[in-house]
Structures are given as C-alpha cells and as structure tokens.
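To start, the structure itself, in structure tokens.
Bear in mind these aren't lab numbers, they're just calculated from the coordinates by the rules spelled out. All figures in this text were calculated on a predicted structure; none of them were measured in a lab. Every residue, glycine as well, gets a Cβ built from its backbone with ideal geometry; the counts of neighbours run over all protein chains shown.
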Amino acid sequence: MLTTRPPAPVASQSRRLRAGLSGRRLPTRAGLRTGAVATETAVILTVWVSLFVGIFDASSLTMRHNLLSHLARQGARLAIVRGEYSEPELATWGPATMQGSLSDDSDFARLIRGSLAGMHSEDFTYKLEWIDGGNEIEQRVRVTISVAYLPMFRMGFGQAPIRMSATSVMPISH
C-alpha cells in the first residue's frame, strides 16, 4: 500500500503550529539572544577603545622620546661651539653648570625652543654640565633635557606622570 506524505506547511501554518494549542508563541532562537548582541558589543568596544588608546599613548611616548633625544643632541651641538675659543659673535658658555626651563630667557632656551614641535616649553627642563671642569677644546659637555609625560591611559587613575630624559655628551670643538 502506498502512503503519501502530507505537503509541508507554508510559513503561516508553521507559525500556528509553533504557537501550539494555547495560541501563544513559543520562544524562538532569535528571541533567546536579545541581550547577547548588546553584551558582545560592549565587550568588543571596550577592548577596541583600550587598544586604540594604548596605541595612541605608545606613539605619543615614542614621539616625545625621539624629541628629547633630538633636543639633547641639538643642545650639545650648540654648547660645543661656545667654548673658550668660540668666535666673537657667539657668547662663551661654561664651565659653570647651567639649568632651567626651556621657557626661560637664557640663550640656550631661546635657541632650543624652535625645535619643540608644538610642545609647551614650560614642561621641559635642561641642564648643561662641563664634565671635565672647563670649556677648553676637547673637554666634554653634557646636555640633559627632561619632561614629565602623563599617558591618557593612566590619566583617570590618579597615577604620577612618567619622567623622561635624554642626555648627550660631546667634546668642545671651539
């Protein structure tokens, strides 16, 4: 004896079958996951924003480190041509230690300020030292530039800023 299957229900009939005899809808797979998308979005956005801020902070820290190194080398170059035998149009510097902020009115601060690349000069400090005790040819000068840096990631946690410095030592040439 041949038996035939009843035809598959159409969409409207399948909804009625799912509703059962009571007439109310049974939960579907999509209905069980209504809060999952919001939770996953919150987790992913938190990770993404933290990663983005971390990358920005690391880039900013690297830029400041490179700027400090550049400023220290530039300062040492300025100091080595202002030794005991420097040309008359250049003021002689040393052997007394010079220090201060790059926002002050010293010759050194005025000459270095142009290389700050938009940074605030009052945040940077400098120190020039004549290591060998004089400013004669072949004696050494040491220039140290320092700045405090507070990364964005640590800002909201009341953390102390990171103190960064760069030093350059060169022999006096004039």
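The ranking of Ile145, Ile162 from fewest to most other beta carbons within 10 Å of each one's beta carbon is Ile162, Ile145.
Neighbour counts of C-beta atoms inside 10 Å place Tyr85, Tyr149 in the sequence Tyr85, Tyr149, starting with the fewest. Ordering Leu150, Leu128, Leu78 by the number of other Cβ atoms within 10 Å of each residue's own Cβ, fewest first, gives Leu150, Leu78, Leu128. Between the stretch 144-174 and the stretch 94-109, the alpha-carbon centres lie 17 Å apart. Taking R0 as 45 Å, what FRET efficiency do you get between Tyr85 and His120 from their Cβ-Cβ distance, rounded to the nearest 0.05? Plugging the Cβ-Cβ distance into 1/(1 + (r/R0)^6) gives 0.80.
Figure legend: label point modelled 7 angstrom from the Cα of Glu136 along Cα→Cβ; residues of the stretch 81-98 with amide N under 15 Å from it are 83-86, 95.
Here the 3J(HN,Hα) profile of the stretch 134-147, calculated from phi with Karplus coefficients 6.51, -1.76 and 1.60 at θ = phi - 60°, is x, 10, 8, 4, 6, 7, 9, 10, 10, 10, 10, 10, 10, 7 Hz, Gly and Pro shown as x. In terms of its C-alpha gyration tensor, the stretch 58-146 comes out prolate, because a/c is 1.5 or above and the ratio a/b outweighs b/c.
Here each label is just a point 7 Å from Cα along the line to Cβ, and for Phe157 and Ile55 those points are 2.1 nm apart. Rounded to the nearest 20, the Cβ-based charge dipole of the stretch 63-171 about its Cα centre (Lys and Arg +1, Asp and Glu -1) stands at 620 debye. A simple rule links phi to the HN-Hα coupling: the Karplus curve 6.51 cos²θ - 1.76 cosθ + 1.60 with θ = phi - 60°, which for the stretch 76-92 gives 5, 4, 5, 6, 6, 9, 10, x, 4, 9, 5, 5, x, 6, 9, 5, 7 Hz, with x for Gly and Pro.
If r is the Cβ-Cβ distance from Ala36 to Thr4 and R0 is 35 Å, what FRET efficiency results, to the nearest 0.05?
Efficiency computed from Cβ-Cβ geometry: 0.25.
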